[in-house]
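Shown next, in structure tokens, is the structure this report addresses.
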Amino acid sequence: MISTDQAQFRAALPNGGRLIGMDVGTKTIGTALCDAGWSFASPAELIRRTKFTADKTALTRIITAQAVVGIVIGLPLSMDGTDSPRTQSTRAFARNLADLRLPILLWDERWSTVAVERVMIEQDLSRAKRAERVDNLAAAHILQAAIDALVNA
């Protein structure tokens with residue numbers, strides 16, 4: 001099941017359980033994990049993209065090792081809320097993960113990278129350190145927003 005509807009996603013999940021969040025880029029996939037009680041999301045592993053098969057193998061390894069029960073993928077909508085070429089690519093990525101048989105929520109991530117960049121600039125991180133961390137932190141930001149909405153629904 002792939003959905004943008006958080007109620008449908010929530011209904012497909014058991015009570016609690018770890019979720020993985022993803023910020024899917026062209027060069028990397030930032031990942032984040034939350035605790036089983038959906039309280040907090042933390043950055044996890046950064047996957048350097050190669051071929052989809054290798055990317056999926058790396059994701060499957062994390063999902064299995066962490067006993068993940070659901071997937072939240074940041075959906076890069078245009079600022080006006082419409083699809084863009086990146087949005088279509090992310091939807092295709094989600095469809096290619098469907099055989100993992102886990103519910104997938106596509107979460108509006110329009111402001112995630114901007115928010116994360118702002119925090120890192122406030123922390124006076126160098127441009128190089130920001131570039132190294134932004135994808136995982138964006139994944140954590142996306143996942144945290146999703147679990148906050150799921151808990152409060």
Practice problem: Determine how large the accessible area of T82 is when every protein chain is in place; take a 1.4 Å probe and give Å² rounded to the nearest 10. | Solution: 70 Å²
Quiz item: Taking amide H positions as placed 1.01 Å from N in the peptide plane, with prolines and chain starts having none, which residues 5 or more places from S84, or on another chain, fall under 5 Å of its amide H?
Solution: S78
Quiz item: Among 5-12, 29-36, how do they line up from the highest to the lowest mean number of other beta-carbon atoms within 10 Å?
Solution: 29-36, 5-12
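The values are calculated or read from the model by the stated rules, or taken from the named source; none is laboratory data. Keep in mind it's a predicted model, so treat the numbers as computed, not measured. Don't worry about glycine lacking a Cβ; one is built from the backbone with ideal geometry, like all the others, and counts go over all protein chains shown. The accessibility values were calculated without ligands, DNA or RNA, using every heavy atom of the protein model including side chains. Shrake-Rupley method; radii C 1.70, N 1.55, O 1.52, S 1.80 Å.
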